[in-house]
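**Student:** Below is the structure I would like to discuss, written out as structure tokens.
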């Protein structure tokens, strides 16, 4: 039965992609900014429903622009989960661009790819980030620099956050960063304990194929997405302190979600509470 479910989900995702990918390519070719943002958002909303993922949103996204969301990172599922919450793009490591299937989707999402080992590319990437934010795009930075086990939040890389913030500051007089916490809390309606976290979390040297296949076969995952209070950064703001403050907020929100202390509203399938 679970294998049949996986096949049905794959067919549904393929059907969604066959329709929306050509439209996104056309939108990108014609530089239709609104459509380029809206089409990936629509894909992710449909994909979360096909996968059986219920996204519960806590708080609201800031209306201020430029806006940089600073988040923890648990799984490849984070992309679809966050992509279904609002129109946004990701700041991603350059290797992702070469991944099969996922690399294509990252490019269609208009991700900004960062070559962390090549400082000669830093200026060009910073310029792209600044331009995108100035144009009104919301960007997500996974501030840990890698994915975690879903139980603990890894220390935020202050240099990574600082570089993104410097680029954001170039887009306007004041940039807003907003902490964002992701926590996968239930599987088939039951709390996900430490033993089952790796079923959802994808980290370390875990193989992608079996992890993806398991999710396709089982689904029915509940995930909490919690927005912290926006943090406007003006002249004189210490970026390292801002990164540490954002990390503290994310740690707190992840802990609250794990303990079941976040007020759970309707899932994204019936309610969207973002600006």
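**Student:** Report the equivalent ellipsoid semi-axes for region 1-118 in whole Å, largest first, defined as the square roots of five times the eigenvalues of the gyration tensor built from alpha carbon atoms.
**Tutor:** Sorted largest first and rounded, they come to 23, 18, 17 Å.
**Student:** Further, regarding this structure: If we restrict to alpha carbons, what Rg and Dmax does region 51-94 come to, in Å?
**Tutor:** 11.5, 33
**Student:** Looking at region 73-159, what % of the alpha carbon pairs are farther apart than 16 Å?
**Tutor:** Cα-Cα pairs of region 73-159 separated by over 16 Å account for 57 percent.
**Student:** May I pose another question? Using 0.36 nm per residue, how much length does the chain from residue 123 to residue 196 gain when fully extended, once their Cα-Cα distance is taken away?
**Tutor:** So the chain would gain 22.1 nm between residue 123 and residue 196.
**Student:** Hey, rough spin-label estimate for residue 60 and residue 159, points 7 angstrom out along Cα→Cβ, what's it come to in nanometres?
**Tutor:** That separation, rounded to one decimal, is 3.9 nm.
**Student:** Same structure again: Equivalent-ellipsoid semi-axes (√(5λ), Cα gyration tensor) for region 157-252, whole Å, largest first?
**Tutor:** Over the Cα atoms of region 157-252, the semi-axes work out to 34, 15, 12 Å.
**Student:** For n ≥ 4 DSSP H runs only, could you compute -39500 (n - 2.57) per run for the chain, divide by its residues and tell me the 222 nm figure to the nearest 500?
**Tutor:** My calculation for the chain gives -14000 deg cm²/dmol from helical runs alone.
**Student:** If you don't mind, there's one more thing I want to ask. Express in nm, to one decimal, how much length is gained between residue 93 and residue 35 on full extension, taking 0.36 nm for each residue of separation and deducting their alpha carbon distance.
**Tutor:** 18.4 nm
**Student:** Please express the shape of the chain as an equivalent ellipsoid: the semi-axes are the square roots of 5 times the eigenvalues of the C-alpha gyration tensor, given largest first in whole angstrom.
**Tutor:** 28, 23, 18
**Student:** Follow-up. Between residue 259 and residue 229, what is the label-point separation in nm under the 7 Å Cα-to-beta-carbon projection?
**Tutor:** 1.9
**Student:** Per residue, how much space in cubic angstrom lies within the convex hull of the C-alpha atoms of region 19-75?
**Tutor:** 129
**Student:** Can I ask one more? Give me the base-10 log of I(q)/I(0) for region 1-45 at each q in 0.19, 0.20, 0.21 Å⁻¹, Debye formula, one uniform scatterer per Cα, rounded to two decimals.
**Tutor:** At q = 0.19, 0.20, 0.21 Å⁻¹ the computed log10 ratios are -0.60, -0.64, -0.67.
Every number in this text was worked out from the coordinates using simple rules, so none of it is lab data. Treat the numbers as computed from the prediction; the structure is a model and nothing was measured. Every residue, glycine as well, gets a Cβ built from its backbone with ideal geometry; the counts of neighbours run over all protein chains shown.
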